Amino acid sequence: MKPSILVIGLLSVLVTYISATRTIDNFLSKSDLQRVQQIFNDGIKSSDLQTIYYSVINSKKIPSETKDSLCKKLPGLYKDSKLNDFEKNYYYVGSSTTLLCSEKIPSELVSQLKTALDKDFSSTQELFYTFYAQKYLDSSVLKEDAMKEKLSKKLLALLKKDDSLTSLGYGFYVASDLGSSASSVIDRVEDAIAQADEVDGKLLQFEGGLSVTSLVINGALKVTSNNNKAVPLTAEQTKKFASYFLSRRSVTQAKGASLLLESLRTIMADKKITPISIRIADNGQLPPEDPVMKIKICDLLGEALKEKPAAVKLTLTSKSDNKKAIDGENLVPSSEDSTVYKLDLKSKKLAKGAYKVDIDAGSFKQTNMVATVLGKVRLDKIDVAISEADSQTPTSKVWLDKYSKFPDVFQLDNQQKLSLRFDLFDDSTNKIMSVHQAFIRFSDKSGAEIVFVAEQDVAKAYKFELDIGARAGDFSGKSGIYDVELIVGDSSLVNSFTRNLGQVNLKFSLETRKEKIDNSIARKPRAEIHHLFREPEKRPPRFVSDLFTGLCLVPILLLFILWGRIGINTSNFSFSLSALGFHGGLGAIFLLFVCFWLKLDMFQTIQYLLGLSVLTFLCGNRVLRYIASKRLEKAEKNN
């Protein structure tokens, strides 16, 4: 193999892998888009200038009466708005221009916006709103090279002072319209993207939520695209950002809805990185009558792809045995929906159960989706046998077909046992199948129910055996006629059923009933047990306690005796307020410890200790400063 061919092959595999990662299982559905559009419809009726702006720019058809009414109330809303001047200027001018209002924007505001571009801005946010407000009025001014150069310098200076994510986002937007004069801003894009936070390995977002994430991503993609620079995002990053935006589909405000749509459209504009959605079109459950696998392939807004895949292939793998049931069969486009591809599986006779779905759509792949093939269960016959409890040879045996019941009421006592055996078949494949639930239920006229589980043997046949005497406790020793029902259920069945098999008359012995009654008495609540705390140990005699207390005080007595013998140096003691406060506070703390030992609790002690500690600290600090100053004076005299 030639080296060039090897390189081309490796590049092909790499491109295929990268494309394969550009698939998600989410998009904005028609109901999502209708709900978002309703937000804009309601926003037009709002009295908030910002809400009206975002609603107007996203509404395709606004009745002429509504437009006229909006145009008339815009000046009043502008005047009453509490927003910053540069923000409300932008929203007012943008709304009026988009609506093509006949009412002219005040000439003072027009001249103010023109001169505003020459002043110094406090932030990139102010520059953004002023720049685009002027663009709504007259974009020709912003196309002048001298103006672009001037604004670029101001933008760079603002970014040097503030390089937060919000500041960078506004800066990217403005730079995207300033051309090559602001191309150096592109160098900040990579650093901004690196600050994204990953959530559960599936989403990427910036601190600040939808508004900041939308601002940075839209600005970054616009500035790089308008300057013909490399895309600042990898395919994997784009997929995670798109997943984050789609997770915010429940927005309720006009601004949030507008940012959501703008972000998805900006991502979709770059065909090299934009992900597509591949998912199962319905709930993933295929009924046995019409098992048609439908796969929806669309863009992030639920629309058909402009470049449709040449072929869409399906692979189904059973999750129970990991065997492929379908390997790479082509799906055909649906005539009803251009985003749906389908394959009729009726001829495949797939066994019921869960299947792993893998889709190969050319350079795009989606794996590990799950579909459930539903099935119908068939019960052909039930083998019913009655025998002695200690024997395996039946004394009576009948076979029930799928419609019949016991020929009569079976009479059973505590020396006998009832056995049932039956097979369940998958109606489509005619193979023996297993179900999640196979129960035998006994119920009497009082409504009491006793339910037993039927279990499969090695041949996958379901068996149930009831030893009347051994299981008398389950029936509370209550003799009488019981209805016997078979319950079969499974989440992947469309015909789970309950079938009445007939009746049995159970007769329990008197001993069994008495034993049950005794057991029921034994299970009644017992007398309440009152907790007894351990009695405290005997304290020593009072003489012993006083003796050891006295021994504890001996060191203090010894201290005073030694002071009396050797004397106490009180020459440095100052009878100032701070010295008295320090020694008094120290003594009070020791006294507080004695009170804590005798009667105070910890919280009371801490409460008192806080006040004493502050007083003692302040006084002690002053005393130490006084002593230090005296020593310094004495040292100077000696020198």
Name the single residue, out of those in the range 433-448 being in a strand (DSSP E or B) and within 21 Å of ASP490 (Cα to Cα), that is most open to solvent (accessible area, probe 1.4 Å).
GLN437
For LYS72, state whether it is open to solvent by 70 Å² or more (accessible area, probe 1.4 Å) and assigned to a loop (DSSP other than H, G, I, E, B).
no
Report every pair of residues separated by at least 6 positions or lying on different chains whose Cβ atoms are under 6 Å apart, first residue within the range 137-166 and closer than 19 Å to ASP120 by Cβ, second open to solvent by 40 Å² or more (accessible area, probe 1.4 Å).
LEU142/LYS135
Could you go through the range 224-238 and let me know if any residue there is touching a residue at least 40 places away in the same chain (Cβ under 8 Å), in a helix (DSSP H, G or I) and within 16 Å of PHE27 (Cα to Cα).
yes
Here's a check for you: in the range 393-413, which residue that is modelled with pLDDT of 85 or more and not in a strand (DSSP E or B) is surrounded by the most Cβ atoms within 10 Å (Cβ to Cβ)?
PHE406
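Matching residues to (1) at negative phi; (2) touching a strand residue (DSSP E or B) at 6+ places or on another chain (Cβ under 7 Å); (3) open to solvent by 60 Å² or more (accessible area, probe 1.4 Å); (4) among the aromatic types (Phe, Trp, Tyr):
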position: TYR91; (1), (2), (3), (4): yes, no, no, yes
position: LEU99; (1), (2), (3), (4): yes, no, no, no
position: ILE105; (1), (2), (3), (4): yes, no, no, no
position: LYS114; (1), (2), (3), (4): yes, no, yes, no
position: THR130; (1), (2), (3), (4): yes, no, no, no
position: SER139; (1), (2), (3), (4): yes, no, no, no
position: ALA146; (1), (2), (3), (4): yes, no, yes, no
Working only within the range 449-473, note down all residues that are of a type outside the set (Gly, Ala, Ser) and surrounded by 13 or more Cβ atoms within 10 Å (Cβ to Cβ).
ILE450, PHE452, GLN456, TYR462, LYS463, PHE464, GLU465, LEU466, ASP467, ILE468, ARG471
Scan the range 283-318 for residues that are assigned to a loop (DSSP other than H, G, I, E, B) and closer than 18 Å to LEU493 by Cβ and jot them down.
ASN283, GLY284, PRO287, PRO288, GLU289, ASP290, PRO291
Right, VAL199: under 17 Å from LEU233 (Cβ atoms) and either in contact with a Ser or Thr (Cβ under 8 Å, 6 or more places away or on another chain) or charged (D, E, K, R) (or both) or not?
no
Filter the range 242-300 for residues that are at pLDDT 90 or above and among the small types (Gly, Ala, Ser) and give the result.
ALA242, SER243, SER247, SER250, ALA254, GLY256, ALA257, SER258, SER263, SER277
Return yes or no: is PHE560 part of a helix (DSSP H, G or I), open to solvent by 100 Å² or more (accessible area, probe 1.4 Å) and either touching a residue at least 12 places away in the same chain (Cβ under 8 Å) or among the aromatic types (Phe, Trp, Tyr) (or both)?
yes
Given the conditions (1) open to solvent by 10 Å² or more (accessible area, probe 1.4 Å); (2) assigned to a helix (DSSP H, G or I); (3) over 18 Å from SER176 (Cα atoms); (4) touching a Leu at 6+ places or on another chain (Cβ under 8 Å), and given that LYS255 satisfies all but one, which numbered condition is not satisfied?
(4)
Candidates ALA182, ALA192, ALA196, ALA242, filtered to the one that is closer than 16 Å to LEU300 by Cβ, open to solvent by less than 50 Å² (accessible area, probe 1.4 Å) and of a type in the set (A, V, I, L, M, F, W, C)
ALA242
3 or more residues of a type outside the set (A, V, I, L, M, F, W, C) and modelled with pLDDT under 90: qualifying helices (runs of 4 or more DSSP H) within the range 115-185:
124-137, 145-161
Taking the range 358-377 and keeping residues open to solvent by 50 Å² or more (accessible area, probe 1.4 Å) and in a strand (DSSP E or B) leaves ASP360, LYS365, THR367, ASN368, VAL370
Regarding VAL384, is this residue open to solvent by 40 Å² or more (accessible area, probe 1.4 Å) and not small (Gly, Ala, Ser)?
no
All conditions in (1) closer than 20 Å to LYS255 by Cα; (2) open to solvent by less than 30 Å² (accessible area, probe 1.4 Å); (3) not β-branched (Val, Ile, Thr) are true of GLN50 except (2)
Could you tell me whether GLY256 is touching a residue at least 24 places away in the same chain (Cβ under 8 Å) and either on the phi > 0 side of the Ramachandran plot or in contact with a Gly (Cβ under 8 Å, 6 or more places away or on another chain) (or both)?
no
Restrict the check to the range 261-273 and report whether at least one residue is more than 26 Å from the chain's Cα centre (by Cα), part of a loop (DSSP other than H, G, I, E, B), of a type in the set (Asp, Glu) and within 30 Å of ALA371 (Cα to Cα).
no
Specify the residue that is most open to solvent (accessible area, probe 1.4 Å); the eligible residues are those in the range 619-639 that are under 23 Å from LEU591 (Cβ atoms) and touching a residue at least 12 places away in the same chain (Cβ under 8 Å).
ARG622
Within the range 223-240, identify whether any single residue is under 21 Å from the mean Cα position of the chain (by Cα), farther than 24 Å from PHE121 by Cβ and aliphatic (A, V, I, L, M), and answer yes or no.
no
If we keep just the residues of the range 422-432 that are assigned to a strand (DSSP E or B) and crowded, with 17+ Cβ neighbours inside 10 Å, which is nearest to the chain's Cα centre (by Cα)?
ASP426
Against the definition (open to solvent by 70 Å² or more (accessible area, probe 1.4 Å), in contact with a Leu (Cβ under 9 Å, 6 or more places away or on another chain) and without any contact (Cβ under 8 Å) to a residue 24 or more places away in the chain), how does ASP321 come out, yes or no?
no
Taking the condition of being of a type outside the set (Lys, Arg), open to solvent by 30 Å² or more (accessible area, probe 1.4 Å) and assigned to a strand (DSSP E or B), how many residues in the range 329-357 meet it?
6
Being small (Gly, Ala, Ser) and open to solvent by 30 Å² or more (accessible area, probe 1.4 Å) is the filter here; which residues of the range 258-300 pass it?
ALA269, ALA281
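The values are calculated or read from the model by the stated rules, or taken from the named source; none is laboratory data. The model shown is predicted, which means the values in this text are computed figures rather than measured ones. Methodologically, a virtual Cβ is constructed for each residue, glycine included, from the backbone with ideal geometry; neighbour enumeration extends over all protein chains shown. Each accessible area value is taken on the protein alone, full model and side chains, heavy atoms only, with ligands, DNA and RNA left out. Shrake-Rupley method; radii C 1.70, N 1.55, O 1.52, S 1.80 Å.
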